[in-house]
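For reference, the structure discussed in these notes is given below.
The values are calculated or read from the model by the stated rules, or taken from the named source; none is laboratory data. These numbers were taken from a predicted model, which means no experiment stands behind them. Quick reminder, even Gly has a Cβ in these numbers, built from the backbone with ideal geometry, and neighbours come from all protein chains shown.
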Amino acid sequence: MRRLLMTAAAATAAALTLTSCGTTEPAADEADAKPSAERITLTDAAGVKVELDGPAKKVVATEWNEVESLISLGVDPVGVADIKGYKTWDSAVPLTNDPKDIGTRGEPSMDTIAALSPDLIVASSDLKPAAVKQLREIAPVLVTKSADAVDPIGRMTENLDLFAQATGTTEQAEKLKTDFRTKLDEGKKALADAGLAGAEYAFADGYVVSNQVSIRPYTSGSLIGAINEKIGLKNAWTVKGDEAYGLGATDVEGLTKLGDVQFAYIANDGDKSSTPFTGALAKDSVWTSLPFVKKGDVHRLPDGIWMFGGPGSMSKYVDSVVEALTK
């Protein structure tokens, strides 16, 4: 979790048309015209032109944000990387089918994917170029840029639109985007009504590795950071985040720079290393001396909201923040 980390049906239709209409030339011309009208041409994040015979139905996804967006569009992926991990970290938009586990997000199994005979493989730009090259030998590959700290929300919705174009679900994508904008407006109003407009707020996650606690601030360049600002909160983090995910790095001493804030995090009981704020730090003198800890302004948001997900996870995140800060 820490590492950030299109079909042969057209040809069959043509053959069936030829059989039913005889062997006259006009019928053949008509059959040839149909698949070309349905053909989809897209350009992916790697600048590669991806051509599909029609909307992809059998889709494999190598990253969880892709999986979430596909499910939200009504497309059940036939192959998913690290299914156990997805079920642990993204219950906000659960799997609605029983896909094949294709291996890890960083190293998907080429043999497993090939055996699925997918119409389309959706791959993250975080995947190594050599792996993407191998995937392109199996089926059309749509590479997407998983994150962009310059415009995190724009990146999320652009990816959603790209998946929708590839799968013929553009109407559903428009609905998802409209509902998401409404959710942001509702969240902002609820916080303002509670006198929390402009409140200082810091979101992080944390891990314990070899008895060392690492804390990861979600700066304004992160997807969650951008959501926080859209609903009227002020990001209290001053550390710099990376250029893709907008994630920073600090330790418990670094939290002393936050001052009097509302502090929130997402962990998971299925990953005990992800719960330092109630575990390893519970009796730490620096942690317990922090103003927001003393005041009880530390909020653990519900498990299963994928912090790098799509409109589904982000809508549930908004609901969770509003509930936590206004209770």
THR169, sole failed condition from (1) under 17 Å from the mean Cα position of the chain (by Cα); (2) among the polar types (S, T, N, Q); (3) crowded, with 16+ Cβ neighbours inside 10 Å | (1)
What residue, of THR250, THR288, THR275, is within 25 Å of ASN211 (Cα to Cα) and more than 27 Å from the chain's Cα centre (by Cα)?
-> THR288
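Which ranges mark the helices (runs of 4 or more DSSP H) fully within segment 210-327 that have 2 or more residues being in contact with a Gly (Cβ under 7 Å, 6 or more places away or on another chain)?
311-326
Kindly indicate which of THR104, THR112, THR144 is modelled with pLDDT of 95 or more, more than 26 Å from THR41 (Cβ to Cβ), under 18 Å from the mean Cα position of the chain (by Cα) and in the same structural domain as LYS57 (by TED's automatic domain parsing). Spell out the reasoning first.
On the way: THR112 fails: under 18 Å from the mean Cα position of the chain (by Cα); THR144 fails: more than 26 Å from THR41 (Cβ to Cβ).
The conditions single out THR104.
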If you check LYS133, LYS128, LYS188, LYS175, which single one turns out to be closer than 21 Å to LEU73 by Cα and basic (Lys, Arg)?
-> LYS175
Quick one: in segment 99-130, of everything that is assigned to a loop (DSSP other than H, G, I, E, B) and of a type in the set (D, E, K, R), which residue is surrounded by the fewest Cβ atoms within 10 Å (Cβ to Cβ)?
-> LYS128
